[in-house]
Amino acid sequence: MAKQMLTGRGIRGREYALMIKYPHVKEWVDRMAAMCQPDQIHWCDGSEEERVRLTAEALKAGELIELNQKKAPGCYLHRTARNDVARTEHLTYICTSFQGDAGPTNNWMSPREAYRKAREIFTGAMKGRTMYVVPFAMGPIGSPFSKIGIELTDSIYVVLNMRIMTRMGKAALNALGPKGEFTKCLHSKADLDINRRLILHFPEDNAIWSVGSGYGGNVLLGKKCLALRIASVLAQREKWFAEHMLILGVEEPDGRHLYVAAAFPSACGKTNLAMLLPPEGLKQKGYRIWTVGDDIAWMRLDTDGQLWAVNPEMGFFGVVPGTNMRTNPNAMLTVKSNTIFTNVALRPDNTVWWEGHDDPAPAKALDWQGKKWKPGMTETDGKAILSSHPNSRFTAPFTNCPTHSFRYNQHHGVPISAIIFGGRRATLAPLVYEAMNWEHGVFMGATMASERTAAQVGAIGEVRRDPMAMLPFCGYNMADYFGHWFDMGERIRQHPKIFHVNWFRTDEKGRFLWPGFGENLRIIEWILARSRNAVAGVQTPIGYVPNPKDIDMTGLRLPAGAMDKLLAVNKKEWLAELDSVGKFFDQFGSRLPDELWAQHKALRQRLLASKA
Ligand code: GTP
Ligand code: SPV
Ligand code: MN
């Protein structure tokens with residue numbers, strides 16, 4: 001039992017009320033507190049007054065650094081531990097009774113062993129600290145889409161981030177009601193020791209335990225842990241989709257709004273696409289873009305037989321480096337106020353800076369670890385020392401984004417006209433191609449691959465398979481997940497068409513062939529035209545590619561031959577790719593849907609029958 005109750009220091013009125021109203025919550029909180037042994041327990045109500053008080057406490061403790069409030073009102077900087085800068089996938093587990101339910105692509109531990117190991121680390125981990133009880137809703141409160149979670153954490157940084165990223169506080173608790181089901185999320189920084197770090201998911205118990213980290217995706221448990229890993233299990237059971245997808249609204253010149261959902265792996269361009277600014281040529285035609293979500297989409301079949309999507313989040317947790325007024329002006333405007341920066345550089349005037357910022361490098365600054373930094377500094381091996389961590393992030397309220405769609409709060413979400421998969425491939429994958437039908441589209445998603453980025457700990461640049469951008473986020477056997485996609489295909493009456501894009505194809509010198517960012521709208525325009533059968537496509541063995549004349553290039557000149565290179569389908573490369581896909585499929589054994597092997601075989605035959 002929590003110390004405050006044992007010592008008779010009194011239970012505050014509000015807590016007493018909560019105890020009566022939510023006995024099932026209180027009972028769980030007390031049990032977790034008995035293990036973690038915090039000095040105090042604080043139930044968060046999500047109020048502004050609470051934010052001010054917690055911020056002041058975090059400043060005092062050094063957990064936050066106040067930025068220049070004139071230039072960056074409401075903005076703060078946080079530095080994580082040096083070895084705690086990205087999701088640690090090798091320490092992330094799906095804990096199910098049967099290993100087969102986690103599948104070959106997930107780390108697995110039995111729930112019994114996982115609880116035992118974690119309990120050792122959690123025991124007494126909050127001594128001398130406050131345990132915050134953070135109720136939150138993922139999805140608009142009251143929507144049939146939404147889920148409630150409660151995170152217990154000893155990190156004010158986590159509380160303040162959850163406050164931005166989710167609908168946090170009293171409203172979420174009210175929505176839960178006296179008997180409501182919720183995801184039990186437990187987090188402690190403990191000693192931030194990577195050797196005593198575990199990110200554990202218990203789908204059978206609707207619970208998440210995370211210990212030993214203070215970094216984003218490891219600790220903001222509503223995000224990847226709940227809204228993807230746990231939600232994907234619920235989605236399979238309840239026949240909906242929990243996906244690592246942005247949601248983008250396109251207002252067409254005739255005033256019609258169409259929405260697309262796109263799955264790219266971490267740090268492969270979701271936030272950028274979701275916030276894109278139309279290039280001049282298209283803006284003149286009358287296009288406008290509305291941001292609905294930048295990382296996670298929950299999609300449900302409605303009575304009209306269409307897929308409808310909501311963004312379960314309320315904020316952005318975006319990649320900082322490379323963000324500037326040229327690449328992503330909307331992001332720059334989004335982070336002007338009320339933003340928490342993590343692991344970027346601090347300039348002498350108490351503003352932040354990063355590699356790729358609009359301003360030139362400051363003559364001196366403190367780097368992301370708080371060490372003195374100046375441009376041109378190198379490691380002993382000659383490598384440049386970066387001011388900001390490559391996976392440094394901003395946490396900003398959704399409504400800060402000038403293009404945010406008011407529909408983010410609508411209970412029904414938005415209807416999805418097209419699904420887009422994409423990866424970071426220097427070679428092989430064309431700029432855009434379209435699946436021949438839903439089943440082929442599922443195969444396209446299931447065989448996605450991408451070069452690794454700084455968003456997860458590991459070798460950067462190495463190509464790995466990342467089906468539907470869900471490899472690190474699927475909470476159950478990925479073979480069953482593919483089956484779920486086929487199953488949903490049979491239920492959907494109005495199928496969104498499925499596409500694949502690759503903004504990252506390079507020339508012989510390793511330079512990007514496509515300018516990307518806002519220019520990507522040119523490709524989205526083609527995708528939407530295809531979705532309503534307004535233009536013809538060019539058939540290739542891998543699907544339809546555009547006829548170059550159907551991509552509006554007003555105001556954009558590519559070097560001669562670039563578009564041909566961007567759209568090229570190389571038979572030899574694709575046959576080699578199929579071998580690698582086959583190896584990936586093999587690991588799932590007989591659990592893999594036969595349809596995927598049928599698609600694999602059909603593609604090989606189409607390739608073999610094609611010219612070089
Ligand atoms: P997570 O938040 O990790 O899920 O990442 P994300 O998918 O939202 O990626 P984000 O939009 O933050 O982009 C990641 C990196 O890709 C940034 O460094 C961008 O500058 C870069 N990037 C995004 N879009 C493009 C593009 O169209 N072309 C090129 N060349 N780079 C891009
Ligand atoms: C990602 O890695 O896909 C992110 C950042 O969006 S994190 O929340 O850390 O997972
Ligand atoms: Mn992401």
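For the pair residue 601 and residue 181, label points projected 7 Å from Cα toward Cβ lie 3.9 nm apart.
Measuring max minus min along each principal axis, the C-alpha atoms of the stretch 246-314 give extents of 35, 33, 19 Å (largest first).
If a spin label sat at a point 7 angstrom from the Cα of residue 283 along the line to its beta carbon, the backbone N atoms of the stretch 326-349 nearer than 12 Å would be those of 326, 329-330.
Estimated from helices alone, the mean residue ellipticity of the chain at 222 nm is -8000 deg cm²/dmol (sum of -39500 (n - 2.57) over DSSP H runs with n ≥ 4, per residue).
Each 10 Å bin from 0 upward holds the following percent of the Cα-Cα pairs of the chain: 3, 17, 27, 27, 17, 7, 1, 0, 0. Here residue 127 is the anchor, and the aspartates and glutamates within straight C-alpha reach of less than 19 Å, apart from those fewer than 8 places off in the same chain, are 30, 39, 57, 63, 151, 154, 191, 193. From zero up to wherever the largest Cα-Cα distance of the stretch 316-402 sits, split into 10 Å bins and tell me the percent of pairs in each. Going out from 0 Å in 10 Å bins, the stretch 316-402 shows 18, 50, 26, 5, 0 percent.
Pairs over the 24 Å Cα-Cα cut-off, from the set 21/147; 184/239; 60/374; 71/364; 117/179; 224/497: 60/374; 117/179; 224/497.
Among 559, 390, 542, whose Cα sits farthest toward the positive end of the charge dipole of the chain (+1 at Cβ of Lys/Arg, -1 at Cβ of Asp/Glu, about the Cα centre)? Positive-most Cα among the choices belongs to 390. Across the options 362, 140, 271, the greatest Cα extent toward the positive end of the charge dipole of the chain (unit charges at beta carbon of Lys, Arg, Asp, Glu) belongs to 362. Taking 0.36 nm per residue of separation and subtracting the Cα-Cα distance, full extension of the segment from residue 570 to residue 378 would add 65.1 nm.
Considering only 338, 609, 282, and ranking their Cα positions along the charge dipole of the chain that arises from unit charges at the beta-carbon of Lys, Arg, Asp and Glu, the one farthest toward the positive end is 338. Relative to the Cα centre, the charge distribution of the stretch 316-402, modelled as +1 at Lys and Arg Cβ and -1 at Asp and Glu Cβ, gives a dipole magnitude of about 120 debye. Between residue 324 and residue 53, the FRET efficiency estimated from the beta carbon spacing at R0 = 30 angstrom works out to 0.30. Here the stretch 161-177 is scanned for amide nitrogen atoms under 15 Å from the site 7 Å beyond the Cα of residue 24 along Cα-to-Cβ, giving 173-177.
Convex hull volume of the C-alpha atoms in the stretch 84-153, normalised per residue: 156 Å³.
With contacts taken as Cα pairs under 8 Å and at least 6 residues apart, the chain reaches a relative contact order of 14 percent.
If you take the beta carbon distance between residue 303 and residue 336 as r and set R0 to 45 Å, what does 1/(1 + (r/R0)^6) give as a FRET efficiency, to the nearest 0.05? Could the numbers behind the result be given before it?
Working: r = 41 Å, r/R0 = 0.92.
Efficiency at R0 = 45 Å is approximately 0.60.
Here the stretch 60-98 is scanned for amide nitrogen atoms under 17 Å from the site 7 Å beyond the Cα of residue 371 along Cα-to-Cβ, giving 79-85.
When N counts the residues of the stretch 171-284, how does its alpha-carbon radius of gyration compare numerically with 2.2 N^0.38 Å, as a ratio?
Details: Rg = 18.8 Å, N = 114, 2.2 N^0.38 = 13.3 Å.
Relative to the rule-of-thumb radius for its length, the stretch 171-284 sits at 1.41.
A simple spin-label model places pseudo-atoms 7 Å from Cα toward Cβ; at residue 557 and residue 608 they are separated by 4.7 nm.
Subtracting the Cα-Cα distance of residue 538 and residue 427 from 0.36 nm times their residue separation leaves 38.0 nm of extension gain.
Near the amide H of residue 250, within less than 5 Å, lie the amide hydrogens of 258, 259, 260, 290, all on another chain or at least 5 residues away, with H placed in the peptide plane. The packing ranking of peptides 172-182, 517-527, highest mean first, is 517-527, 172-182, where packing means the average number of other beta carbon atoms within 10 angstrom of each residue. A straight chain from residue 512 to residue 254 at 0.36 nm per residue would run longer than the Cα-Cα distance by 89.6 nm.
Determine, for each peptide in 470-476, 187-193, the mean count of other beta carbons within 10 angstrom over its residues, then list the peptides with the highest first.
Working: 470-476: 24.1, 187-193: 22.1.
Averaged packing, sorted descending, gives the order 470-476, 187-193.
Quick note: the coordinates plus some simple rules give every number you see, no bench work behind them. Note that this is a predicted model, so its numbers are computed, not measured. Glycine also receives a Cβ, built like all others from the backbone with ideal geometry; neighbour counts cover every protein chain displayed.
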